[in-house]
Amino acid sequence: MSTVLVVLDHLDGAVTKPSLETLTAARQYGAPVAVALGAGAEGAAAAAGEYGAARLVTVTDAELDQSLVAPRVDAVAQIAAEVDAALVLLPAGITAAEVAGRLAVRLDAALITDAVAIGGSLGAVTTSQSVFAGNWTTESEVTGTAVVTLKANSVPAEPDPVTAEVTAATISYAGGSALARITASEAKRETGRPDLGGARIVVSGGRGTDGNFAEVEALADALGAAVGASRAAVDAGWYPHAYQVGQTGKTVSPQLYVAAGISGAIQHRAGMQTSKEVLVVNTDPEAPIFALADLGVVGDLHTVLPAVTEQVKQINR
Amino acid sequence: MKIVALVKYVPDATGDREFAEDFTVDREGSDGLLSELDEYAVEQSLQIAEAGDDVEVVALTVGPDDAYDAIKRALQMGADSGVHVNDERIHGSDVLATSAVLAAAIRRLAPDLVVCGMASTDGSMGVMPAMLAERLGWAGLTQARELSLEGTTVRISRDDDTASLVVEADLPAVVSVTDQSGEARYPSMKGILAAKKKPVDELTLDDLDLDPASVGLGAARSRVTAATERPAKQAGTVVTDEDGSSAAVIADFLTAGKHL
């Protein structure tokens, strides 16, 4: 029991930033073995090596995309057994939590999701989590094998280049009637913006946008930020659910969170309370979101955001 | 046909939520209620029952005495009966042990379909539906925005980060539904009165043939060693904007924080 296994998220071999953060965190336990699943997995080799993975195991079988979650668990569980993993680390996310949960059952391992820090030693891993809408921090201690998902922006990604030896794994899939078969898949429109979960800066709009996200998007683009939305804005049909920040959407922890026209209900704060800095723009000085603000601006976002966007463009020029 | 809707009793998120001395969630000292996200699971179960013939909906929970309130709410909404796994020896169980208890209770009930919320509003891990599918060896159709049943085939729509998916499986299956699946009903006066006459079974570990040594704080593979309340954030600067006058202040803030 001496290996740490890191399951990378990638799109056609392009490894996500939270995955590189996870590899960086994994290095404290020794040289990690990385796993990349799905089409283009071998393309992850360069990034895996740059961030210290001595080995990259790839699986590109069609089974992975034919059913939900279970085939990925088949693959990771078999690779974990092969390398005798004492710790499996995954960048946090909705699918990652499900893979981790099933994996913990299969490996009879401890399960920790959404860790914001990880330490200790293999076999006795320690973690910190931010719970109850970020109002509490808990420390946990694990005995034995552990499966842990690590929240984005918890650990800065730092390179430590090695050459990753790439091997393709042969997986035996459980198959059968217990599969959740994917019968249709419609790709989403690319926005060209960073992924919400791992973005350094997030600009979110709420009820105060009155349904017009143009100013929110313009500021996000000037800052190189991801766009988010409150549940009120999503429920009103103003922005897709995939961009919802909060308890029933994404949990984000960026360097800077801009809340524009968002009142700050507990359900929203649960998704952004661990952000390093918060900028609030809201017409209502009594809005609870101001309690989280490092800088709060009482004003109309339709006036304030374009003025800031202009300033940012001038400074960056 | 039988549907089990999983319901969890959680501390009210709009009140103060605390930890007990053993670092488990304090469920005695705070006001609790049915986890809001589980109301969507009850709602979807009831909609299937109303559309079908001879469909029974059972609300299942694991928890202390107070957790009965979660079942009561589900019964008031329209579930037919409840099962409450209530055993002091379960206190302090980690998610692995809790999933083993739930899986044992589900096996005993032998439903065709299990419907869960997408996550609890206290632990918020969002892992239970997947872990139950794994333990039961059934298909797991998670994060459903839409749910429908045709014969013995269950079908969901869900939104992933990069794609919208349609997913199908054969029964028995475990489904989790999101808050996008459709508003949950309020109990009617008739529903509240009817709930008082509906049966609720109490079960212990012995009824489920589970080894007490496999659950509880003692068996937990992970344990919480400290819980600290986040210090209230220092009050930030607040300025009032006049026709975009705050832009320079914001630009300075962005520069100081190295966000540009």
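All of the numbers you see were taken from the coordinates with simple rules; none came from a lab. Keep in mind that this is a model prediction, so the values were computed, not measured. When we count neighbours, we look across all protein chains shown, and the Cβ atoms used for this are built from the backbone with ideal geometry, even at glycine.
Mind checking which helices in chain B clear 15 Å along their axis (Cα) and have mean Kyte-Doolittle hydropathy of 0.0 or more, DSSP H runs only?
Values: long enough: B:36-51 (23 Å, -0.31); B:95-109 (21 Å, 1.52).
Span-like helices, by this rule, are B:95-109.
What is the distance, in nm, between label points placed 7 Å from the Cα along the Cα-to-Cβ direction at A:ALA31 and at A:THR191?
3.9
Note the angle between two axes, namely the Cα long axis of helix A:214-223 and the longest principal axis of the Cα atoms of chain A, as a number of degrees from 0 to 90, rounded to the nearest 10.
Once rounded, the angle reads 60 degrees.
For B:ALA213 and A:ALA46, what does the FRET efficiency come to when R0 = 51 Å and r is the distance between their Cβ atoms, rounded to the nearest 0.05? Don't jump to the answer; show the numbers that get you there.
Values: r = 48 Å, r/R0 = 0.95.
Step by step, r from the Cβ atoms, then E = 0.60.
Given the -39500 (n - 2.57) contribution per DSSP H run of 4+ residues, what per-residue ellipticity at 222 nm results for chain A, rounded to the nearest 500 deg cm²/dmol?
Values: 9 runs with 83 residues, N = 317.
Theoretical 222 nm ellipticity from helices: -7500 deg cm²/dmol.
Quickly work out the B:TYR186-to-A:ALA62 label distance, labels modelled 7 Å from Cα along the C-beta direction, and quote it in nm with one decimal.
With each label point 7 Å from Cα toward Cβ, the separation is 5.3 nm.
Rounding to the nearest 10 and keeping the result within 0 to 90°, find how far the Cα-based axis of helix A:17-26 lies from the longest principal axis of chain A.
Tilt relative to chain A: about 50 degrees.
Given R₀ = 35 Å, FRET efficiency for B:GLU88-A:ALA291 by Cβ-Cβ distance, to 0.05? Intermediate values should be presented prior to the final figure.
Working: r = 39 Å, r/R0 = 1.11.
Result of the calculation: an efficiency of 0.35.
Taking Cα pairs under 8 Å and at least six residues apart, what relative contact order does region B:24-136 come out at, in percent?
Values: 121 pairs, mean separation 32.8, N = 113.
Dividing the mean separation by the residue count of region B:24-136 yields 29 percent.
What percent does the relative contact order of chain A come to when contacts are Cα pairs within less than 8 Å and at least six residues apart?
Values: 736 pairs, mean separation 47.9, N = 317.
Normalised by residue count, the contact order of chain A is 15 percent.
How high is the FRET efficiency between A:VAL162 and B:LYS197 when r is their beta carbon distance and R₀ equals 51 Å, given to the nearest 0.05?
0.15
If we count other beta carbons within 10 Å of each Cβ, what is the order of B:MET118, B:MET131, B:MET1, fewest first?
Numbers: B:MET118 24, B:MET131 28, B:MET1 16.
Listed from fewest to most nearby Cβ atoms, that is B:MET1, B:MET118, B:MET131.
Using only alpha carbon pairs under 8 Å that are at least six residues apart, calculate the relative contact order of chain B and give it in whole percent. Mind dumping the intermediate values first?
On the way: 499 pairs, mean separation 59.1, N = 260.
It rounds to 23 percent for chain B.
What distance in nm separates the simple spin-label points at A:ASP84 and A:LYS313, each placed 7 Å from Cα in the Cβ direction?
Placing both labels 7 Å along Cα→Cβ, they lie 6.0 nm apart.
In straight Cα distance, which aspartates and glutamates are under 17 Å from B:LYS258, not counting same-chain residues fewer than 8 positions off?
Straight-distance partners of B:LYS258: A:ASP221, A:GLU277, A:ASP294.
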